[in-house]
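Structure first, commentary second.
Every number here is computed from the coordinates shown, using simple stated rules; none is lab data. Everything numeric in this text was worked out from a predicted model, so none of it was measured. FYI the Cβ positions are ideal-geometry reconstructions off the backbone, even for glycines, and counts take in every protein chain you see.
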Amino acid sequence: MKLVAKVTHARPFSFWWNAARLEAFAIPRSRGVVCITNYTRDAVDGLAKKTWVVPNAVDASFFDVQPEINLEHPPIILCVGGICLRKNPNAFIRALDPLAAKRKFRIIFLGDVSRGEAYGREFFKLIAARSWCQQFDYVGREKLKSHLHEATLLALPSLEDNCPMAVLEAMAANVPVVAAKVGGVLDLIEDGKTGLFCDPQDAASMSGAVEKILEQPQFARALAAEANRRAKERFHPAIVARRHLEIYREVLNTRP
């Protein structure tokens, strides 16, 4: 919470400001913290009595999603997450302007927008001026699987993130991932093996990673296949649940 508060410049007494302070009060009073990434572990270091690192689990049904190969329609870039400064969609749109000038593709944003905030208003102006951008509110799992089925790649251009489910779900669904090299995302993918990293503050880096996926379909399929294999080993619910049970038994069998 303190990391989110920092990157979003949380004002005193705002939600993130209060959450960060509550976190600092609660963590030292716990028996330990199950961290979903090493990024989380580093963030609570010094506060937590003990830590364990266990990633989020993916709904097993996402492993059944198979990508659609349709050469008659433009490639689809899927972005899943709230439309806000931290998720960085406005900079991502601008970064892809040069690429959109030389080839066809579509970006579909799945996430709520704060229409009353300046960032949300800017987002709507950007997509209104670009026929290749669409936005829908958050969708349920079944609809998300449908979007992943049609997606050419999933993009995560966040300025800060921990263990975004969108990345794990895309990996499970055989969809190549382009993700910002930030926070806990470094624990989730290996650059050039299970996805591509980009610098979310560098337009050329973001557009270059996207273009590589769009222009090299065989490479993209290889990334997705390896990502799917590793997701089954790390993020399948049976594996994650087993590790949680081990931790609970350890805590229950250890005196405070």
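Side notes on the structure shown:
- Cα-based helix-to-principal-axis angle, 237-252 vs the chain, degrees rounded to 10: 20 degrees
- Cβ-placed point charges (K, R +1; D, E -1), dipole of the chain about Cα centre in debye, nearest 20: 660 debye
- With K and R counted +1 and D and E -1, the other residues having a Cβ less than 11 Å from that of ARG103 yield a net charge of 0.
- Gap separating the Cα centres of the range 3-48 and the range 102-145, nearest whole Å: 29 Å
- Chymotrypsin sites (Phe, Trp or Tyr not before Pro) lying in DSSP loop within the range 1-105, provided at most 11 other Cβ fall within 10 Å: PHE13
- Charged neighbours of ALA203, selected by a Cβ distance under 11 Å, balance to -2 (K, R count +1; D, E count -1).
- Among the GluC sites (Glu not before Pro) in the range 71-154, those placed in a DSSP loop whose Cβ has at most 15 other Cβ atoms within 10 Å are GLU72, GLU117.
- The trypsin sites (Lys or Arg not before Pro) of the range 174-227 include none that meets both criteria, a DSSP state outside H, G, I, E and B (loop) and at most 10 other C-beta atoms within 10 angstrom of the site's C-beta.
- Angle in degrees between helix 118-128 and the longest Cα principal axis of the chain, rounded to the nearest 10: 30 degrees
- On Cα atoms only, tilt of 141-150 relative to the major axis of the chain in degrees: 40 degrees
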